[in-house]
Amino acid sequence: MKLLVDIGNSRIKWTTLDSGRFTESHSFDRKKTGIKTAFTNEWKELTDIDSVFVSNVGGDKIAEHLTDWSEKKWQITPKFISSEQKRFGVTNAYQQADKLGVDRWLALIAARQHARQATCIIDCGTAITIDVVTKYGAHQGGMILPGITLMRHALTSNTSNLTDVIEEKEFKTLAVNTQSAVQCGTLYMVTASLERIVDDLNEQFNNRIRFIITGGDAELVMPLLPSFIAHYPDIVLKGLGYYARQGDRQPRKPEAVEEKKAVETTQGADDKIAAEKPKAVEETKAVEEPKAVEETKAVEETKAVEETKAVEETK
């Protein structure tokens, strides 16, 4: 079973790939508790993991924590995916391929594999990213906007008498208190920007482009966006799945590697012996066959001489 992990700036999503099939996805806040405690709470019941594949935009520190925890728990070093110039039919538009966020790269791969159609991917996370890929798999580039949380933080931290916004379940266009006003204003800023981008891309692609939305804040903005924008919450994990299906099992602790090497060496020796046996038989056969022919020829010649001699004596 393979563990797939999507580390964002605020949350961590994960799922497993069991016999090539995705299981239910899960997520947790990476900042509410100690990160290793969070790993234990989430994964302590997973005992048959043979490899770990990771998309990480959360920084080096959390990558170190995950590596340390995984090696102690399963004796497995996680495989951290990086953006590439070309893979799985997708060509990266960035000149320096690894500068494209790996979460964006994996979303492009998943979108391309899902449908051979021009696609715009809107990822509403801490930052909002927009990426477009053609039906031929050519990444066209994208853009980055501040996310809803960043906008609200900018307002509350730089304006007096404003406190952090608490998300309200019921949304009203015109608010009657300051917190609701910030909530409403930031939502409209984001959705207005996204609607304009959608309109421009539809015009550019003659309405032959589909739109996908993902990310932690996707459900907040979806009610204000056109209904044809499809929600794909696990698109980054789906992209990781293509790497996981293609990748081999990852290295375990050294003693496990040595045991495997010993088995392979023994098997190699057995294969060599098995290969040499037919060769030895062929060489023996090659020597014995001419010898047998020569012996038969000698017997026949002797017999012919004796018969001739007997005839002459009779005469």
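Just one of (1) over 27 Å from residue 61 (Cβ atoms); (2) without any contact (Cβ under 8 Å) to a residue 24 or more places away in the chain fails for residue 141. It is (2). Determine, yes or no, whether residue 66 is of a type outside the set (Phe, Trp, Tyr) and either closer than 29 Å to residue 190 by Cα or modelled with pLDDT under 95 (or both). No: the conditions fail for residue 66. Only a single item in (1) outside the structural domain of residue 142 (by TED's automatic domain parsing); (2) surrounded by 14 or more Cβ atoms within 10 Å (Cβ to Cβ) is not met by residue 92, and it is number (1).
Across the range 42-59, the number of residues qualifying as loosely packed, with under 15 Cβ neighbours inside 10 Å and either among the basic types (Lys, Arg) or more than 21 Å from residue 129 (Cβ to Cβ) (or both) comes to 6. Residue 188 passes every criterion in (1) surrounded by fewer than 17 Cβ atoms within 10 Å (Cβ to Cβ); (2) of a type outside the set (Val, Ile, Thr); (3) under 14 Å from residue 122 (Cβ atoms) apart from (3). Within the range 28-41, the residues that satisfy the criterion of being modelled with pLDDT under 95 and either surrounded by 14 or more Cβ atoms within 10 Å (Cβ to Cβ) or closer than 19 Å to residue 80 by Cβ (or both) are 28, 30, 35, 36, 38.
Residues of the range 198-227 that are over 13 Å from residue 123 (Cβ atoms) and β-branched (Val, Ile, Thr): 198, 209. Exactly one residue out of 10, 83 is of a type in the set (S, T, N, Q) and free of Cβ contacts under 8 Å to residues at least 60 places away in the same chain, and it is 83. Residues in the range 195-229 that are in contact (Cβ under 8 Å) with a residue 12 or more places away in the chain and within 12 Å of residue 119 (Cα to Cα): 198, 201, 205, 208, 209, 210, 211, 212, 213, 229.
Residue count for the range 210-266 under the criterion of being closer than 18 Å to residue 79 by Cβ, at pLDDT below 55 and either in the same structural domain as residue 193 (by TED's automatic domain parsing) or among the β-branched types (Val, Ile, Thr) (or both): the result is 1. Apart from one condition, residue 115 fits all of (1) within 19 Å of residue 141 (Cα to Cα); (2) small (Gly, Ala, Ser); (3) at pLDDT below 95; (4) over 18 Å from the mean Cα position of the chain (by Cα); the exception is (4).
A search for C-beta distances below 7 Å between a residue of the range 91-103 that is in a loop (DSSP other than H, G, I, E, B) and any residue that is among the charged types (D, E, K, R), counting only pairs 6+ apart in sequence or on different chains, returns 92/84; 92/86.
The values are calculated or read from the model by the stated rules, or taken from the named source; none is laboratory data. In this text the structure is predicted, and so the values were computed from the model without any measurement. Don't worry about glycine lacking a Cβ; one is built from the backbone with ideal geometry, like all the others, and counts go over all protein chains shown.
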